[in-house]
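Below is one structure; the comments refer to it alone.
The values are calculated or read from the model by the stated rules, or taken from the named source; none is laboratory data. If you're wondering where the values come from, they're calculated on a predicted model, not measured in any experiment. All Cβ positions, even for glycine, are placed from backbone atoms using ideal geometry, and neighbour counts span all protein chains on display. Just the protein is used for accessible areas: all its heavy atoms, side chains included, with ligands, DNA and RNA removed. Shrake-Rupley method; radii C 1.70, N 1.55, O 1.52, S 1.80 Å.
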Amino acid sequence: MNKPDVDFNHAEIEAKWQKVWQDEGTYEPELSKSKNPYYNLMMFPYPSAEGLHVGNMYAFCGSDIYGRYKRMLGRDVFEPIGLDGFGIHSENYAMKINEHPVKVAERTQDNFYNQLKIIGNGFAWRQKLETYDPDYYKWTQWIFVQLFKAGLAYRKSAPVNWCPSCQTVLADEQVIKEQVSSINKQEEKFSCERCGTEVVKRDLTQWYFKITHYAQSLLDGLEKIDWSEKVKLAQLNWLGKSEGAKIMFPLDIEKDSSVVVFTTRADTLMGTSYLALAADHPLVITILNKAKGQLREDIQEFLDYSHKIFERGEPAGEKEGIYTGFNARHPINGDEIPIYIANYVLTGYGTGAVMGVPAHDERDFEFANKYQIRIKQVIIPDEHHDFSQSAYTGFGRLINSGAFDNLSSLEAKEKILAELVIKGLGSVDVNWHLRDWIISRQRYWGAPIPMIFCQRCAKEGMSWFTHKDADSAKNSKWDSAGWYPVEESNLPVVLPYIENFRPTGTGVSPLAQDANFVNVKCPACGAEAKRETDVSDTFLDSAWYFLRYPSLGTKKKAWDSSITAKWLPVDMYIGGAEHSVLHLLYSRFITKVFKDLKLINFDEPFVKFRAHGLLIKDGAKMSKSRGNVVNPDDYVAKFGADTLRAYLMFCGRYSEGGDFRDEGILGMQRFLKRVWKIVVESCKQSDQSSTAKKIEIDRNSSYMMHKTIKKVTVDIENLSYNTAIAAIMEWMNFLEASSKEKGVTITEIEVLLKLLAPFAPHMTED
């Protein structure tokens, strides 16, 4: 073969085409005029201070390849980019290097965008946004106001997750629970998803969003969205719908009083041998008031101990409790049931009281053994089980249950509940694992919560709700007296520049030190009032950004309704599965709220979602602590963006990730050089034979070409990029053999370049 006339100079080629795309607005669809819109979106990135690493590039390029494929099919693809720049991650880095977050954001923004430009993605650069831009967070604050007015934002004091390192409250979704083995037992450890520090519990007053109001809607919606199954399963489990029964145990303490428990296992009711209350259950106060002498002192001592453990955030560890000296009555047979206060019962789930069934619940079994409480077996398993060693938690047939003996667990559930209903001591009930979203953060770097508190109005029982007479927005969960949202015409509440931005660790935001920010007039009565000094959770910033992208030119509204109707919901969304119950759940919730408020006409944000895998190096996930982070800039400079893009997609199935190895990228570079060579030589051959007979494609060659077209098309649609590239490589081997025998047609060359174009856009364009 003759040597090509033109060498494969990746640096020159890539710089040339990136400039052409930028100057000509190649990837900037006319949003208002597009006839065949397709919204292709990669999950909102936050700008790491260290810049883009190759794992990020893996995610971005995989999304871009799908967008390029859809564009080649004739769709008007919109693929915007921006930065989720507010939040703890960026602020922690700023503290680490002793630089103000505002200055860090300015520097990292430019670096991040420059890195994104050199990888060759088809971003709509004119539609970029940053969450710390007041033009953006003005509308984040507007959203908070809309939820408040709809009765979906409220403030209350409650035990919350506190990260001692990040020095702020965490929502339940931002706490990682894991089982930790210790001597002879398993314990649960709760840590911050940001920094890994073990979280503690604190009693603080916070703002909440009523995401639980949408629990059933969030559950039902999983049936109609085309999402990765592992993400849907994660949300299903997090929502945690439990269909069971509320059962009333009459009390001896006071006439006509009872304690209510929630259970999903009514079939085990006849095995109840004690009741256990959480330390902050309302009945505990009554018990303490009625207890006498040493018993009262012992109960108080246990409560003090429990509260100290709770405040320090220490794990419950061994099951501990105290007998209260009072009893309840079994709702069916009337037997006395002793009442304990126990450290393993929490008010956050169910009713804060449990019926102890030691033979059929592991926690109850451990507690009963410690305090020598009767263990009564009421279910026979199909196979032998040693009840002296552990509880049997499965199903079977009932024994020791009076009239319910010999019934199956399912039959017994129905009949026991039916009898309880007749007696007025039970009802069908549904419980959820999902808890309301804590939105407050005691940090500096975030959107200020746009609320004002007036002490004078609070004393008079006045609030925004009473002034507006908003019956539909009455909130039974909290006393809203004194609280007013900032007038929409006064948004944004601009985040002031505070030199000492470090968190205080006291539960009060650094914004509280700025008197000019804090002190304002009451919007209702004009008296002296105070701003809320907490900022909102950064996940609120990212819960709606996809709505803002197409409407960035709109100044007077969060989004343009006509543009939104044309482009939303997002057609394809790609991102990390680690956000299954964070960003993805919050985005679904916010979208459903907007639909109910008649702000949009759809209730699911992303029609299709696919989770990408993780790239590893040296057998481990890339991280600074392991020293295995790969900077893509060096590889782009040495091998070219096309080579790196194609290699990353060849590492493994996109949904599973792969192992980054330097020797692998060398192989991909050789492959692209072979493509360059066969294209140049085939074109030269075509020119030389311009007066002679043209090369025509034969039947076998045509078959191989169309087989490859089909394979690559199907594989890209399924995000199986590695096998798509493998198919192109296989066809490339065939073409090289053909070129030696009879030459390669221009048709085959054109098809080869088109199939390769999503993976190596610069070279194929050239």
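The set of residues in region 344-371 being open to solvent by less than 20 Å² (accessible area, probe 1.4 Å) and without any contact (Cβ under 8 Å) to a residue 12 or more places away in the chain is empty. Inspect all residues belonging to region 636-644 and state whether any of them is open to solvent by 40 Å² or more (accessible area, probe 1.4 Å) and without any contact (Cβ under 8 Å) to a residue 12 or more places away in the chain. For region 636-644, residues open to solvent by 40 Å² or more (accessible area, probe 1.4 Å) and without any contact (Cβ under 8 Å) to a residue 12 or more places away in the chain: present. Taken over region 540-554, the criterion of being open to solvent by 10 Å² or more (accessible area, probe 1.4 Å) and either touching a His at 6+ places or on another chain (Cβ under 7 Å) or without any contact (Cβ under 8 Å) to a residue 24 or more places away in the chain (or both) is satisfied by G553, T554. Does region 248-266 contain at least one residue that is touching a helix residue (DSSP H, G or I) at 6+ places or on another chain (Cβ under 7 Å) and among the hydroxyl-bearing types (S, T, Y)? Scanning region 248-266, I find no residue that is touching a helix residue (DSSP H, G or I) at 6+ places or on another chain (Cβ under 7 Å) and among the hydroxyl-bearing types (S, T, Y), so the answer is no.
Residue by residue, here is whether (1) aromatic (F, W, Y); (2) at pLDDT below 90; (3) more than 16 Å from P250 (Cα to Cα) holds:
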| position | (1), (2), (3) |
| --- | --- |
| G313 | no, yes, yes |
| E318 | no, yes, yes |
| I322 | no, no, yes |
| G325 | no, no, no |
| H330 | no, no, no |
| D335 | no, no, no |
| Y340 | yes, no, no |
| T347 | no, yes, yes |
| A353 | no, no, no |
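With respect to (1) open to solvent by 40 Å² or more (accessible area, probe 1.4 Å); (2) at pLDDT below 80, the lone exception for P164 is condition (2). Please go through region 432-455 and give me each residue that is open to solvent by 20 Å² or more (accessible area, probe 1.4 Å) and of a type in the set (S, T, N, Q), ordered by number. Within region 432-455, just Q455 meets the criteria.
Do we have any residue at all in region 332-343 that's open to solvent by 30 Å² or more (accessible area, probe 1.4 Å), of a type in the set (F, W, Y) and in contact with a strand residue (DSSP E or B) (Cβ under 7 Å, 6 or more places away or on another chain)? The answer is no, given that none of the residues of region 332-343 is open to solvent by 30 Å² or more (accessible area, probe 1.4 Å), of a type in the set (F, W, Y) and in contact with a strand residue (DSSP E or B) (Cβ under 7 Å, 6 or more places away or on another chain). When restricted to residues that are β-branched (V, I, T), in contact with a strand residue (DSSP E or B) (Cβ under 9 Å, 6 or more places away or on another chain) and open to solvent by 30 Å² or more (accessible area, probe 1.4 Å), region 372-392 contains 1. Scanning region 705-728 for residues that are surrounded by 17 or more Cβ atoms within 10 Å (Cβ to Cβ) and either assigned to a helix (DSSP H, G or I) or more than 31 Å from the chain's Cα centre (by Cα) (or both) yields a count of 12. Among the residues of region 428-438, is any in contact with a helix residue (DSSP H, G or I) (Cβ under 8 Å, 6 or more places away or on another chain), on the phi < 0 side of the Ramachandran plot and aromatic (F, W, Y)? Within region 428-438, one or more residues are in contact with a helix residue (DSSP H, G or I) (Cβ under 8 Å, 6 or more places away or on another chain), on the phi < 0 side of the Ramachandran plot and aromatic (F, W, Y). Quick check, is N631 out of contact with any strand residue (DSSP E or B) (no Cβ under 8 Å at 6 or more places or on another chain) and farther than 30 Å from V486 by Cβ? Criteria met by N631. Return yes or no: is G325 among the small types (G, A, S), part of a loop (DSSP other than H, G, I, E, B) and open to solvent by 20 Å² or more (accessible area, probe 1.4 Å)? Considered against the rule, which asks whether it is among the small types (G, A, S), part of a loop (DSSP other than H, G, I, E, B) and open to solvent by 20 Å² or more (accessible area, probe 1.4 Å), G325 comes out as no. For M732, state whether it is part of a helix (DSSP H, G or I), open to solvent by less than 30 Å² (accessible area, probe 1.4 Å), over 24 Å from D64 (Cα atoms) and modelled with pLDDT of 95 or more. For M732, the condition - part of a helix (DSSP H, G or I), open to solvent by less than 30 Å² (accessible area, probe 1.4 Å), over 24 Å from D64 (Cα atoms) and modelled with pLDDT of 95 or more - is not met.
Considering only residues that are under 23 Å from P338 (Cβ atoms) and either surrounded by fewer than 13 Cβ atoms within 10 Å (Cβ to Cβ) or touching a Phe, Trp or Tyr at 6+ places or on another chain (Cβ under 7 Å) (or both), which ones fall in region 399-419? G402, I416 - these are the residues of region 399-419 that are under 23 Å from P338 (Cβ atoms) and either surrounded by fewer than 13 Cβ atoms within 10 Å (Cβ to Cβ) or touching a Phe, Trp or Tyr at 6+ places or on another chain (Cβ under 7 Å) (or both). Considering M57, M42, the condition of being touching a Ser or Thr at 6+ places or on another chain (Cβ under 6 Å) and closer than 26 Å to K16 by Cα is satisfied by M42 alone.
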